[in-house]
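Participant: Before I ask anything, let me first share the structure, which is written out below as structure tokens.
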Amino acid sequence: MLSVAKVQRRNAWRYYVRGVAFGDGRRPVGRSLKAAQEMAGLPPGVWLGRGLAALGLTEGSEVSERQMELVFGQGRHPDADRIEQHLLDDGADPATARLATVLGQPLEEIEARKQTPLIALDFTFRPQASLIVLWALGDDRTRRVIEQAHERAIAKTLRWLEDEVAQTRWASGRGRAKTPALVVAAFRHFDNRDGFPLLHDHCLILNRVQRLDDNGEPKWGALDTTRLYRHVVAAGTLYTLAMTTEVCEELGLATVPREVTPGLRPVMEIAGVDSELINWSSTRRQRIEDALEGLTYKYAQDHGRLPGEKARHGLGWWAAQDTRPEKKTPRPLKQLLAWWRASALLKFGKQVVDGLLQRCRAAGAAIRARVDPVVDTTLAAVDVAAVVFTVRGNFARRHVLAEARRHLLETLRGQEFTRGLDDYIANRALSDHGRQTTDPQPGRRAPAADQIFYTADFPEPEPWFIAGTDGKPPRESSRYERARVASLAVRNAIRAARTAPTGQTDAPAATTSAAALTDDQHHDQASDPPHAVDHPGRDAALTPAQRAAAIQAHQEAAMPEEYLEGRTTDAATWMRTPKNLERFAAFTRAANARRSAYENQKPPAAPDVPSDSRRHEHEQQHQQPGHGQGQGPRP
């Protein structure tokens, strides 16, 4: 998972060297950063990124307090003191010597225009809660595997940002250039502010990159931070997919979907980690949810509607800030591990804690035996396009790429896949099911590839209502729930769309997808790339019926009905809509009155409802769902 925060103002670096670099605690006054880190048993910050070469730094070297002040506090070279002194010794005046160490536009000039400079972006990477529990309560090898996977996933995500996303801009955006080299300072944390386990890294991406000017000389400029923000979700899904896959392959584990908020996208957690253990480690979740409930109610009162996806993220941030505890005194990891184990043993017992990894491996083995490590890229493209279209309407490639990575994690359940498969599925979803909506304007610059928006030709599912539980009223289905129904309609198409093949009337033929794809278009094995695996025996010649059965079996194994448990499209669910609640309540009151009258041996009062036979027929008519209610999309 990935979250982003801005680092603004020139004194922001003090917050990081006094707190973030000190395990999110309060560094004692008068003690150097390195001495405080050593005394508290905390790891030092390290430099990452390809842009270090231009600054004379090496990847993995320690971040000093003076370097933080120069780079993130003054926007200067990390070795500015030596460079400036060397120029002064050569006879340069102080202003010229100092200006020679500045990276890009001086911060003083930005502040002179009454603007607040954006110095860096804080990308915070953390694993899912179940992986954090395994890391905190597992043995040394388990902890080492998770930490190494965490580090490699961060490195992979930063490389992807450098290769595919990072750009520099100048002249108010009229000039742009790719910059495959970032400067990053990373700080490792082990716990949250309550002292419970929370492995995460703060990666400060400097808002300065180097490019070549018109004369071929290197020149420092600002990052296109808007572009980075737009790709945060795709970067976060890449980190989660890479880390989860590596840990599952190394330890023999698998993932299962866990619904955190009803109606929203589930989180793929490690199978075998109980929800009680996750709640034990996620100490702030309940406080945030309580605060979020109040903020959501106020938002609905002010706007007359529930918050959308973007507003929910903003309200969640405010809820987290409102419930944020004070800084703590950091402790070495060894002490934290002992305290976490003692706390878990006291709450759950020795058998639960010591048998955690074995239970996870047993659950993972069962899932791996059921789910083959194969992906049907044709159906994956349909699924990805249907979900993105239903949730967003218009979408760009970055949205499709993020959904393709989620699809791989949900479908393969943590099993390894061929490199580049996520890009292939995204490209196929756009080419087969995307219709470009961004039109180039005459006389204006043509939009870049990631600035082009698309839509899809899928029938959008109508909303339906979901019966409330625990005394809660029915609610309207979320866009994500309708998106899952749209994508799962592919399975229904596979079951239903079997026709007799040519020259073989006694066996069903190949099936088509919900988008009416033909077998010749997308199921030609010779034209598929090597990683477009549809079946373990893809090299063998399959009859159309065998191919349809293999795809259907894979989809049933990899996409169980967990997404729709308790949220069906049956008529019984539609009967619980708010529109019909009062109507059915009237029938119930009338029936109760008739029964009471018979029990008291008195003539029943004449209720304002039809007779028994007619009433039964009347109720049967009302139990049939209307158009768009209680029905998913049909193939």
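The values are calculated or read from the model by the stated rules, or taken from the named source; none is laboratory data. Note that this is a predicted model, so its numbers are computed, not measured. So basically every Cβ, Gly included, is an ideal-geometry build from the backbone, and we count neighbours across all protein chains shown.
Participant: Arg361 passes all but one of (1) in contact (Cβ under 8 Å) with a residue 40 or more places away in the chain; (2) closer than 26 Å to Arg188 by Cα; which number fails?
Facilitator: Result: Arg361 passes all but (2).
Participant: Is it the case, given these coordinates, that Glu269 is under 23 Å from Glu481 (Cα atoms) and free of Cβ contacts under 8 Å to residues at least 12 places away in the same chain? Before you say what the answer is, go through the steps one by one.
Facilitator: On the way: under 23 Å from Glu481 (Cα atoms): yes; free of Cβ contacts under 8 Å to residues at least 12 places away in the same chain: no.
Criteria not met by Glu269.
Participant: Got at least one residue in the range 54-67 being touching a His at 6+ places or on another chain (Cβ under 7 Å) and at pLDDT 85 or above?
Facilitator: Taking the range 54-67 and keeping what is touching a His at 6+ places or on another chain (Cβ under 7 Å), we get 55.
Retained after the next criterion (residues that are at pLDDT 85 or above): 55.
Yes, the range 54-67 contains a residue that is touching a His at 6+ places or on another chain (Cβ under 7 Å) and at pLDDT 85 or above.
Participant: Moving to a separate point now. Are there any pairs with C-beta distances below 6 angstrom linking a residue in the range 25-48 that is surrounded by 15 or more Cβ atoms within 10 Å (Cβ to Cβ) and of a type in the set (D, E, K, R) to a residue that is in a loop (DSSP other than H, G, I, E, B) and modelled with pLDDT under 75, with the two at least 6 apart or on different chains, and if so which?
Facilitator: Arg26/Lys327
Participant: Which one is farthest from Ala185 (Cα to Cα) among residues in the range 107-121 that are part of a loop (DSSP other than H, G, I, E, B) and in contact with a strand residue (DSSP E or B) (Cβ under 9 Å, 6 or more places away or on another chain)?
Facilitator: The initial filter retains those residues of the range 107-121 that are part of a loop (DSSP other than H, G, I, E, B), namely 113-117.
So of that shortlist, the ones also in contact with a strand residue (DSSP E or B) (Cβ under 9 Å, 6 or more places away or on another chain) come out as 116-117.
Details: Thr116: 22, Pro117: 19 Å.
In this case the residue turns out to be Thr116.
Participant: Return yes or no: is Thr245 crowded, with 21+ Cβ neighbours inside 10 Å and under 12 Å from the mean Cα position of the chain (by Cα)? Show your work before the answer.
Facilitator: Details: crowded, with 21+ Cβ neighbours inside 10 Å: yes; under 12 Å from the mean Cα position of the chain (by Cα): no.
Criteria not met by Thr245.
Participant: Could you check His77 against (1) surrounded by fewer than 17 Cβ atoms within 10 Å (Cβ to Cβ); (2) at pLDDT 90 or above; (3) of a type outside the set (Ser, Thr, Tyr) and say which number it fails?
Facilitator: Evaluating His77 over (1) surrounded by fewer than 17 Cβ atoms within 10 Å (Cβ to Cβ); (2) at pLDDT 90 or above; (3) of a type outside the set (Ser, Thr, Tyr) leaves (1) as the failure.
Participant: So which of Ala181, Ala149, Ala177, Ala185 ends up being surrounded by fewer than 18 Cβ atoms within 10 Å (Cβ to Cβ) and in contact (Cβ under 8 Å) with a residue 40 or more places away in the chain?
Facilitator: Ala181
Participant: Now for a different question. Scan Thr124, Thr168 and give me the residue that is in a strand (DSSP E or B), over 24 Å from the mean Cα position of the chain (by Cα), among the hydroxyl-bearing types (Ser, Thr, Tyr) and surrounded by fewer than 23 Cβ atoms within 10 Å (Cβ to Cβ). Don't jump to the end; show me each part of the working.
Facilitator: Working: Thr124 fails: over 24 Å from the mean Cα position of the chain (by Cα).
Answer to the selection: Thr168.
Participant: State all residues of the range 379-402 that are surrounded by fewer than 24 Cβ atoms within 10 Å (Cβ to Cβ), at pLDDT below 90 and assigned to a helix (DSSP H, G or I); if no residue qualifies, say none.
Facilitator: Residues satisfying the conditions are Thr390, Val391, Arg392.
Participant: Sticking with this structure for a sec: From Asp224, Asp201, Asp274, grab the single residue that is closer than 30 Å to Ala120 by Cα and out of contact with any helix residue (DSSP H, G or I) (no Cβ under 7 Å at 6 or more places or on another chain).
Facilitator: Details: Asp201 fails: out of contact with any helix residue (DSSP H, G or I) (no Cβ under 7 Å at 6 or more places or on another chain); Asp274 fails: closer than 30 Å to Ala120 by Cα.
Answer to the selection: Asp224.
Participant: Quick one: count up the residues across the range 155-198 that are out of contact with any helix residue (DSSP H, G or I) (no Cβ under 6 Å at 6 or more places or on another chain) and polar (S, T, N, Q).
Facilitator: 4
Participant: Do any residues in the range 204-217 that are free of Cβ contacts under 8 Å to residues at least 24 places away in the same chain and part of a loop (DSSP other than H, G, I, E, B) have Cβ atoms under 8 Å from those of residues that are acidic (Asp, Glu) and surrounded by fewer than 18 Cβ atoms within 10 Å (Cβ to Cβ), where the two are at least six apart or on different chains, and which pairs are they?
Facilitator: Pairs found: none.
This table checks each residue for (1) closer than 23 Å to Glu481 by Cβ; (2) free of Cβ contacts under 8 Å to residues at least 24 places away in the same chain; (3) within 21 Å of the chain's Cα centre (by Cα).
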| residue | (1), (2), (3) |
| --- | --- |
| Val375 | no, no, yes |
| Thr378 | no, no, no |
| Val384 | yes, no, yes |
| Thr390 | yes, no, yes |
| Leu408 | yes, no, yes |
| Asp422 | no, no, yes |
| Leu430 | no, no, yes |
| His433 | yes, no, no |
| Ala456 | yes, no, no |
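Participant: Condition check: buried (at least 23 other Cβ atoms within 10 Å of the Cβ) and on the phi > 0 side of the Ramachandran plot. Does Arg405 satisfy that?
Facilitator: For Arg405, the condition - buried (at least 23 other Cβ atoms within 10 Å of the Cβ) and on the phi > 0 side of the Ramachandran plot - is not met.
Participant: So, Arg211, is that one charged (D, E, K, R) and closer than 29 Å to Arg419 by Cα or not?
Facilitator: Numbers: charged (D, E, K, R): yes; closer than 29 Å to Arg419 by Cα: no.
Judged against the criteria, Arg211 is not a match.
Participant: Filter the range 84-121 down to the residues that are β-branched (Val, Ile, Thr) and surrounded by fewer than 15 Cβ atoms within 10 Å (Cβ to Cβ), then identify the one that is nearest to Val247 (Cα to Cα). Show your work before the answer.
Facilitator: Filtering the range 84-121 for residues β-branched (Val, Ile, Thr) gives 96, 101-102, 110, 116, 119.
Now narrow it down to the ones that are surrounded by fewer than 15 Cβ atoms within 10 Å (Cβ to Cβ): 96, 116.
Working: Thr96: 52, Thr116: 42 Å.
Per the criteria, the residue is Thr116.
Participant: While we're looking at this one, here's another question. Kindly indicate which of Val352, Val382, Val371 is out of contact with any Pro (no Cβ under 8 Å at 6 or more places or on another chain) and under 30 Å from Glu462 (Cα atoms).
Facilitator: Numbers: Val352 fails: under 30 Å from Glu462 (Cα atoms); Val371 fails: under 30 Å from Glu462 (Cα atoms).
Sole residue among the options that is out of contact with any Pro (no Cβ under 8 Å at 6 or more places or on another chain) and under 30 Å from Glu462 (Cα atoms): Val382.
Participant: Would you point out which residue out of Gly252, Gly263, Gly272 is at pLDDT 85 or above, surrounded by fewer than 17 Cβ atoms within 10 Å (Cβ to Cβ) and in the same structural domain as Ser130 (by TED's automatic domain parsing)? Walk me through how you get there before you give the answer.
Facilitator: Working: Gly263 fails: at pLDDT 85 or above; Gly272 fails: surrounded by fewer than 17 Cβ atoms within 10 Å (Cβ to Cβ).
From the options Gly252, Gly263, Gly272, the qualifying one is Gly252.
Participant: Would you mind stating whether Ala235 is hydrophobic (A, V, I, L, M, F, W, C), assigned to a helix (DSSP H, G or I) and either surrounded by 18 or more Cβ atoms within 10 Å (Cβ to Cβ) or out of contact with any Gly (no Cβ under 6 Å at 6 or more places or on another chain) (or both)?
Facilitator: On the way: hydrophobic (A, V, I, L, M, F, W, C): yes; assigned to a helix (DSSP H, G or I): yes; either surrounded by 18 or more Cβ atoms within 10 Å (Cβ to Cβ) or out of contact with any Gly (no Cβ under 6 Å at 6 or more places or on another chain) (or both): yes.
Spelling it out, Ala235 is indeed hydrophobic (A, V, I, L, M, F, W, C), assigned to a helix (DSSP H, G or I) and either surrounded by 18 or more Cβ atoms within 10 Å (Cβ to Cβ) or out of contact with any Gly (no Cβ under 6 Å at 6 or more places or on another chain) (or both).
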